[in-house]
Each structure stands twice: as C-alpha cells, then as structure tokens.
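Quick notes on the structure that follows.
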Amino acid sequence: MSIKSIKVIFCFLCLFLLISEALTIFGQSRNKIKTISKIAKKLKAEDVRRKEVETLLLRGEYQHDGSGELIYIGTILSVPALLKVLENNPPQIFNPCDWASVIESPLAPVNNPLPPPQLNNTPLSLPVPYSPPKVEEPKQDCSPHKSYICTYAHAVTALRKIPGQNFVDYQDWKNWWEKYQTETKSPKIK
Ligand SMILES: [Zn+2]
C-alpha cells in the first residue's frame, strides 16, 4: 500500500470521526432545547393559572382551594390575594371558661372501682377499696383564644413560603407587606 493511499484512508477516518462528533453534539443540543422549552411551557401555564387564582381570591371567591394552590405556584406577586383571604376570614375569638360554663351537667362522678371479686371463697387478701391517686386539677386558661378556619391556615402556609416571614395575624402580614414595598421601592400593589 502506497503512502498516498494510507493518507487518503487516514483523511476519511478523520472526516468520519468529525461528522459523528458533530451529530452527537447536534442531538444533545436538540434534547436540551426540548427540555428548556418544556420547562418554559410549564412555567407559562403556571403563571397563567396563578393569575387566574389570584383574581378569584381578590374577588372573595375560591379562597379555600385557591390558597391551597398558591402554596405550590404562588410567588411574591400573590401576596395581595393571600392578604385578601386573611382579611376575609378573621379568627373567631372565644373565652374557653365561658364556653365551659354553658355545659349544664359535667360528666357524672365515677364511683371508685373495686378490685374484681375473688372466684373462690377463700380470699387471698381482704378487698381494699381502690382510691385513685390524687391529681391536681390543671388551672384553666381563661384568656381569650383565637380559632382560625383552615382557609386562613392555607393562606398563611402559602405566605410563609416567603423566606424569613413567619407571622400569623393579618395585621402583621399587612404591615410587613407595606414595609416590603417601601423598602424594595416596588410599585404598590394593593
Ligand atoms: Zn382546608
């Protein structure tokens, strides 16, 4: 085999490797583009849904399920809609001591149970009436309690996804939001 033909074979080999490498890179880029466009589509769909849900919440509709959805797809832009949910679902305030006094008859006193009767006639020991150990009654907390419905809790869960914020009361969230908008100089969203 002449040197010339060896050179030709070598050139073909190089060309073949070059083409196969180019095809691999092309295939990988196509896959990457496909993945990126899939993610972009998903984000766009989420964005559309988020806006739909926020509009409903601001109208005072769909507040339970909508707050639940915003736990997953909510962003900082969802705050006004979530604040609306808190505003529309204030806690019930009750005094547990007043509530207890409404009940007319508390549970009937339980007689001290005796040990089970002996089966044979020669008791091993005389039955001693059982007296339960004395337990001090816990002091009742009569301070006013707040009771929230779960819609409120879902909205708070969605709001708590904002890093570093952990309030419960509507007024605390509202104050924080006003301060946040001033500090970040973002256009006020009400
Ligand atoms: Zn619920």
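Bear in mind these aren't lab numbers, they're just calculated from the coordinates by the rules spelled out. Source: prediction; values computed, not measured. Backbone-built Cβ (ideal geometry, glycine too); neighbour counts: all protein chains shown.
Taking the Cα centre of the stretch 11-60 as the origin and placing charges on Cβ (Lys, Arg +1; Asp, Glu -1), which of Leu57, Leu13, Ser29 is farthest toward the positive end of the dipole?
Leu57
Roughly how large, in nm² to one decimal, is the mean projection of the convex hull of the alpha-carbon atoms in the stretch 148-190?
3.3 nm²
Near Val85, within a Cβ-to-Cβ distance under 13 Å, what is the net charge of the other residues, with Lys and Arg +1 and Asp and Glu -1?
Once all neighbours under 13 Å are counted, the net charge is -2.
Determine, from the Cβ-Cβ distance of Thr24 and Thr75 and an R0 of 35 Å, the FRET efficiency 1/(1 + (r/R0)^6), rounded to the nearest 0.05.
That gives a FRET efficiency of 0.35.
Quick one: of Lys38/Lys185; Lys41/Lys84; Lys38/Lys161; Lys41/Lys174; Lys44/Lys161, which pairs are farther than 23 Å apart, Cα to Cα?
Too far apart for the 23 Å limit: Lys38/Lys185; Lys41/Lys84; Lys38/Lys161; Lys41/Lys174.
At a 10 angstrom cut-off on C-beta neighbours, averaged per residue, how do the peptides 42-50, 14-22, 146-154 rank from highest to lowest?
146-154, 42-50, 14-22
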